[in-house]
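Accompanying notes for the structure given below.
The values are calculated or read from the model by the stated rules, or taken from the named source; none is laboratory data. Keep in mind it's a predicted model, so treat the numbers as computed, not measured. In this analysis, Cβ positions are derived from the backbone assuming ideal geometry, glycine residues included, and neighbour counts consider all displayed protein chains.
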Amino acid sequence: MELDSYLARLGYIGTREPSLATLQQLHALHLRTIPFENLDIHLGTPIVLSLPSLFDKIVLRRRGGFCYELNALFGCLLEQLGYEVDLLSARVFSAGRPGPEHDHMLLLVRMETLMIADVGFGDSFVYPLGMDGAVQEGTYGQAYRLVSEGEYKVLQKMRDGIWHPEYVFAEVPRQLSDFAAMCEYQQTSPASHFTQKSICSRATRNGRVSLSNGSLIVTEAGQRSTRDLSGTAEYRAVLKQYFEIDLGRDAPVHRLVDPGSGAI
């Protein structure tokens, strides 16, 4: 992997010493620069879990991805910088229950204090989260923490004064190939929420900007606004303006505006 190209993609110009401060800066920059997106699923382009393919897509073609893509490549970057990194499997909560194993990929960074890094969960913690249960205060009332439940850790997010579970995981190292079956499921199953709507989203310094189907959602200083786009031309313009993504003239963008308008 071309380390210089990846760091340039992030806009990172600091020290390459594998310290906590470096990890924090890289993590925040990743979330603010490289979008969480599932556009390929709706464009009919298979997602291949190989590091060369992910590097080409995310760094060279300046795209984003979902958890398997973003965290796998970020983990490789951290390893090249000298961090000790494990891929972990998490089960994401839905309607109060955890989903299947390998539903989500996150990273365990083995430092003096064990840290969880996750640049592939959409709206989540901006800086790596300590495994010691310390609370990370987010913006505008958000906060995150990890709590122990036997051999498992549960990521919790504070919403409206109540801690809600986000996902649960064990400290068991995995291989990238372990996630292949669930990655295929997420791309193809009608039951997967990734096939039900298109999303392109990234953090900003004061909130978040997202394209969800044909709507632009901007959260700024705790205030959320939603604007329905007029069609594919405006969708392309917004995708370029906010995410610097150009899909090319032949891409079936109507499938992103209205995922029910064409077969995946």
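When the helices (runs of 4 or more DSSP H) confined to region 1-95 are screened for residues that are under 19 Å from Leu211 (Cα atoms) and of a type in the set (S, T, N, Q), those reaching at least 1 such residues are found at 20-33.
Annotation: of all residues in region 1-16 being touching a residue at least 12 places away in the same chain (Cβ under 8 Å) and among the charged types (D, E, K, R), the one that is nearest to Ala203 (Cα to Cα) is Arg9. Residues that are hydrophobic (A, V, I, L, M, F, W, C) and in a strand (DSSP E or B) within region 206-249 comprise Val209, Leu211, Leu216, Ile217, Val218, listed in sequence order.
For residues that are of a type in the set (Gly, Ala, Ser) and assigned to a strand (DSSP E or B), scanning just region 142-166, find the one that is nearest to Arg91 (Cα to Cα). My answer is Ser148.
Return the residues of region 128-141 that are part of a loop (DSSP other than H, G, I, E, B) and modelled with pLDDT of 95 or more; say none if nothing qualifies. Pro128, the sole residue that qualifies. Residues in region 107-126 that are part of a loop (DSSP other than H, G, I, E, B) and either at pLDDT below 95 or of a type in the set (A, V, I, L, M, F, W, C) (or both): 11 in all.
Please find, within region 143-159, the residue that is surrounded by the most Cβ atoms within 10 Å (Cβ to Cβ) out of those that are touching a Ser or Thr at 6+ places or on another chain (Cβ under 9 Å) and free of Cβ contacts under 8 Å to residues at least 24 places away in the same chain.
From region 143-159, those touching a Ser or Thr at 6+ places or on another chain (Cβ under 9 Å) are 144, 154-155, 157; that's our starting set.
Next, only the ones that are free of Cβ contacts under 8 Å to residues at least 24 places away in the same chain stay: 144, 154.
Values: Tyr144: 22, Val154: 19.
My answer is Tyr144.
Within region 111-125, identify whether any single residue is within 23 Å of Arg205 (Cβ to Cβ), more than 20 Å from the chain's Cα centre (by Cα) and outside the structural domain of Gln223 (by TED's automatic domain parsing), and answer yes or no. Checked against the condition, which is being within 23 Å of Arg205 (Cβ to Cβ), more than 20 Å from the chain's Cα centre (by Cα) and outside the structural domain of Gln223 (by TED's automatic domain parsing), region 111-125 yields no hits at all.
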